[in-house]
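Participant: Could you have a look at this structure, given as structure tokens, before my questions?
The values are calculated or read from the model by the stated rules, or taken from the named source; none is laboratory data. Keep in mind that this is a model prediction, so the values were computed, not measured. Using ideal geometry, Cβ is built from the backbone for each residue, glycine included, and neighbour counts are taken over all protein chains shown. Just so you know, the surface numbers come from the protein's heavy atoms only, side chains and all, with ligands and any DNA or RNA stripped out. Shrake-Rupley method; radii C 1.70, N 1.55, O 1.52, S 1.80 Å.
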Amino acid sequence: VLAGGGVALAAGWAALAAFADVPAAVAVLVFAQGALGFGVGSTLIARALYAAADAPTMAGAFATAALNVGAAVGPLLGGIAVDGGLGHRSPAWLSAALAVVALAAGAPLLRGRRDDHDREDGSDGRVTGGERMISGGRRGDGPCSPCSACGLDACVCAST
């Protein structure tokens, strides 16, 4: 959702800038951009909640605050572009550029990520044969709790 939605957002902003003088295209693109923005934003917040399972309220607050900062800074930059004489299409071009920057910034996270639970040793990370682990990934007295995202041990999820 993040990679595909990010690419679609960048393409949509560029299309909006290119077809800003075609009312039917603008109507369709505004709807599509709103839906894509909602989908990508919601997915980002969900990822933050899963990544910070021990503090979901804090993760949700920070993720939502970050989106709100973007919702304030984006129009500010668009206004600066228009005031700078770059034209009425410049906010859409700027949005496309910012979406590309976000994709580039997030690409290493997507590329460096193997299957969520695959380990370098080829195992899938499941605890078997009575082996017990603690959250740090070391042997201990008690088993990890199941991960809410996949059902595997939470300590395995946290280490990948």
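Participant: In region 3-25, how many residues are part of a helix (DSSP H, G or I) and farther than 15 Å from Ala96 by Cα?
Facilitator: The qualifying residues number 3.
Participant: For region 106-122, enumerate the residues that are open to solvent by 80 Å² or more (accessible area, probe 1.4 Å) and at pLDDT below 55.
Facilitator: Scanning region 106-122 gives Arg113, Arg114, Asp115, Glu120, Asp121.
Participant: Looking at region 45-57, which of the residues that are of a type in the set (Gly, Ala, Ser) and in a helix (DSSP H, G or I) is surrounded by the fewest Cβ atoms within 10 Å (Cβ to Cβ)?
Facilitator: Per the stated criteria, the residue is Ala51.
Participant: Could you check how many residues of region 15-44 are crowded, with 18+ Cβ neighbours inside 10 Å and of a type in the set (A, V, I, L, M, F, W, C)?
Facilitator: Final tally of qualifying residues: 7.
Residue-by-condition table, conditions (1) among the basic types (Lys, Arg); (2) at pLDDT 90 or above; (3) under 30 Å from Leu29 (Cα atoms):
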| site | (1), (2), (3) |
| --- | --- |
| Phe62 | no, yes, yes |
| Ala92 | no, yes, yes |
| Arg126 | yes, no, no |
| Ile134 | no, no, no |
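Participant: Let me ask something else about it. Tally the residues that are under 19 Å from Ala20 (Cβ atoms) and part of a helix (DSSP H, G or I), restricting the search to region 58-99.
Facilitator: 19
Participant: Considering region 32-75 alone, what residues qualify as being under 20 Å from Trp93 (Cα atoms), within 12 Å of the chain's Cα centre (by Cα) and free of Cβ contacts under 8 Å to residues at least 24 places away in the same chain?
Facilitator: Listed by number, the list holds a single entry, Phe38.
Participant: Only one of Leu103, Leu76 is at pLDDT below 95 and either under 21 Å from Gln33 (Cα atoms) or open to solvent by 70 Å² or more (accessible area, probe 1.4 Å) (or both). Can you tell me which?
Facilitator: Details: Leu76 fails: at pLDDT below 95.
Unique residue meeting the criteria: Leu103.
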